[in-house]
Amino acid sequence: MKKIVLVLAVAVATAAAANGQTGAKAPTPKAAHQIKAAPAAKASAKKATSTKAEVVSTDPAAKTITVKDTSGSNMTLTATGGAVVALAKVKAGDWVMVTHTDTNATRIAKVKTTASKTGK
């Protein structure tokens, strides 16, 4: 009886050791992959800027807005998050403050036009 228990204990210990060796290798590549992904997310968050611009056009179906900034440059942005709801509330000619990354608008808010703009 003692020999059977001893054989079973050795078998279980061997299986556990083999399983422990193969399990330790799997997290290393996954952890390296996760480390590479984190800086990219932080980089895009740092690039978010706010721009005062005039709405040129909107396309709620495509979730896009084209705006012209104060220097006269047009840019087309894809609305994401809360900007999708705000997209339905603006029209061509409105002045807005757009918080955006390179291609995505994350916030769109109407701003009041100045007296010089309304006097045209």
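The values are calculated or read from the model by the stated rules, or taken from the named source; none is laboratory data. Note that this is a predicted model, so its numbers are computed, not measured. Counting neighbours? That spans all protein chains shown, and the Cβs are built from the backbone with ideal geometry, glycine included. With ligands, DNA and RNA removed, areas are computed over all heavy atoms of the protein, side chains included. Shrake-Rupley method; radii C 1.70, N 1.55, O 1.52, S 1.80 Å.
So, in the range 87-115, how many residues would count as being open to solvent by less than 50 Å² (accessible area, probe 1.4 Å), more than 15 Å from Ser50 (Cα to Cα) and among the aliphatic types (A, V, I, L, M)?
Count: 2.
Going by the conditions given, is Thr70 polar (S, T, N, Q), under 21 Å from Lys47 (Cα atoms) and either under 23 Å from the mean Cα position of the chain (by Cα) or modelled with pLDDT of 95 or more (or both)? So Thr70 fails the test.
Would you check if there is a residue in the range 65-76 being of a type in the set (A, V, I, L, M), over 15 Å from Thr113 (Cβ atoms) and open to solvent by 70 Å² or more (accessible area, probe 1.4 Å)?
Of all residues in the range 65-76, those of a type in the set (A, V, I, L, M) come to 65, 67, 75.
Those left that are additionally over 15 Å from Thr113 (Cβ atoms): 65, 75.
Pick out the ones that are also open to solvent by 70 Å² or more (accessible area, probe 1.4 Å) and you get none.
No, that holds for no residue.
Could you please find all residues in the range 48-58 being open to solvent by 60 Å² or more (accessible area, probe 1.4 Å) and closer than 14 Å to Asn104 by Cα? Matches in the range 48-58: Thr49, Ser50.
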